[in-house]
Amino acid sequence: MNTNNFNDETVFYFEQGGTTSFQSDFDAYKLLYNTGTLPYIGSMSDSILTSISGLPELPTNLSILVKAITPATKSFTFSVDKTDFNENVCVTLFDSFTGISTNILICDYVCTLYDTTTMARFKINFFTTGLNITSFIKRPGCMFPASGMITAQGTGSGPWNYEWKNDDGIMKISLNKNEADSIENLTSGTYSVNISSVGQCQYSSNSFSVPVAAAPTASFSSNALVTTLSNAGRIDFTNESENAQFSSWDFGDNSGTWFIPSPSHNYLSAGVYTVTLITESVDHCKATAQQVINVVDDVTGITSFGKNSEMRLCNLSEGRYELRFLLSEPATIEIEILNLEGKQIKTDLLKEASSFNYPVGHDFTLQGITFLKVTAGGGTQKTFKLIK
């Protein structure tokens, strides 16, 4: 405050640990000389008049009483002598006598003080207003671990100032932007942004955590590595993968891609097949596992029924067959019809048979692919695949 080449001041500073109450480590008493003959100004910490007041760190909304006393009625000008406030902090001087509030960082305030004033007539306010923001985080991918991105924008019409930081300090500053701002090429870690509305005392500070890209594992087991056509070529698989949102299977037999967590599969032909499992995480990271399955045609590896034995399967019409056999020696014949899952549909036992024509599919309807399994005494086998 000043008048006719006379001035006095009160000082505020902001530091961690400061409060609005009097603290001897932070505040200084107002020492008054020639009381009653010279004007003075000071701030109130509780009921104590101070010349220096240590306050909490900004941005924090604070209101401090200010007492200005004059021994004679005069006109005074109140102004800011020095400031290093961030632009998102507003400072107003409120005159409770006139009801006028002045942005003291921008404009001086002129008023008349009366020699009868003894109370704290003024209040100084330090404040910011909250700023809502919208944001978006793009997670880094497995192939490119430094491909993360954060985008943020203040609400309203702007413009805004942006200050981006990580643990090492300031990464980027963007000033007076009317649109969103971003930082790119991020690895996993913690980042923050301070956003302020230019000239509007609106402020927001937000932290973001960019996670590591989720990588899956691909692993599976099977109940066997070798199966036979007489067992309907069946293999059961157990998916033992971790962190997998999707699993796709290729059984190596041109049967297509299967999206089943833990499938069972029936091979229709003998051969060596490579089973491939591909897993995918929520971040579209992929992993692959493979296993080789051997499917044996137990027709080719079985001894003959005898030197002069003959066995044939005749296709009479759609879904109707006839098994014709002529054996060199009579034998007990077991005939089984199995579905793709290896479950028995029908069974017959022919004792001491040497020549016989056995109808298949005459007394019931065959559906899809089935197997006709013929077992002679001693364990000799032959299997036929039936297709309707």
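Structure data summary
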{"quantity": "Cα-based equivalent ellipsoid, region 150-301: semi-axes from gyration tensor eigenvalues, Å", "calculated": "58, 13, 10"}
{"quantity": "With eigenvalues of the C-alpha gyration tensor scaled by 5 and rooted, region 310-387, Å", "calculated": "21, 14, 10"}
{"quantity": "In range of the label at Ile173: residues from region 192-231 whose backbone nitrogen is under 14 Å from the point 7 Å along Cα→Cβ", "calculated": "194-196"}
{"quantity": "Residues Thr35 and Ile106, FRET efficiency given R0 of 30 Å [Cβ-Cβ distance, rounded to 0.05]", "calculated": "0.35"}
{"quantity": "Length-normalised contact order for the chain - Cα pairs under 8 Å, 6+ apart - percent", "calculated": "9 percent"}
{"quantity": "Mean projected area in nm² (Cα convex hull; one quarter of hull surface) for region 220-296", "calculated": "4.5 nm²"}
{"quantity": "Among beta bridges that DSSP assigns inside the chain, antiparallel share in %, nearest 5", "calculated": "95 percent"}
{"quantity": "Mean Cβ neighbour count within 10 Å, used as a protection proxy, ranking 119-131, 337-349 highest first", "calculated": "119-131, 337-349"}
{"quantity": "Per residue, the convex hull volume that the Cα atoms of region 130-226 enclose (Å³)", "calculated": "129 Å³"}
{"quantity": "Residues Leu366, Leu38 arranged by fewest to most Cβ contacts within 10 Å", "calculated": "Leu38, Leu366"}
{"quantity": "Volume of the Cα convex hull of region 45-141, divided per residue and given in Å³", "calculated": "146 Å³"}
{"quantity": "Antiparallel bridges, percent of DSSP beta bridges restricted to region 220-296 (to nearest 5)", "calculated": "90 percent"}
{"quantity": "Student exercise, region 310-387 dipole from Lys, Arg, Asp, Glu Cβ charges, in Debye to nearest 20", "calculated": "160 debye"}
{"quantity": "Taking Asp81, Asp115, Asp181, Asp95 and counting other C-beta atoms within 10 Å, the order from fewest to most", "calculated": "Asp81, Asp115, Asp95, Asp181"}
{"quantity": "Size of charge dipole - the chain - debye, nearest 20, with Cβ of Lys, Arg +1 and Asp, Glu -1, no other charges", "calculated": "880 debye"}
{"quantity": "Whole-number Å³ per residue for the convex hull built on Cα positions in the chain", "calculated": "230 Å³"}
{"quantity": "Fully extended contour minus Cα-Cα distance, from Phe127 to Asp348, at 0.36 nm per residue", "calculated": "70.1 nm"}
{"quantity": "Separation of the Glu240 and Glu334 label points, Cα + 7 Å toward Cβ, nm", "calculated": "3.4 nm"}
{"quantity": "Charge-dipole axis of region 133-210 as Lys and Arg at +1 and Asp and Glu at -1 on Cβ define it, positive-most pick from Pro140, Asn194, Asn176", "calculated": "Pro140"}
{"quantity": "Sorted by Cβ density within 10 Å, fewest first, the residues Glu184, Glu318", "calculated": "Glu318, Glu184"}
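Any read-out appearing in this document is the output of simple, stated calculations on the displayed coordinates, not a laboratory observation. Everything numeric here is computed off the predicted structure, so don't read it as measured data. Positions of Cβ are generated from backbone atoms using ideal geometry, with glycine treated the same way; all protein chains shown enter the neighbour counts.
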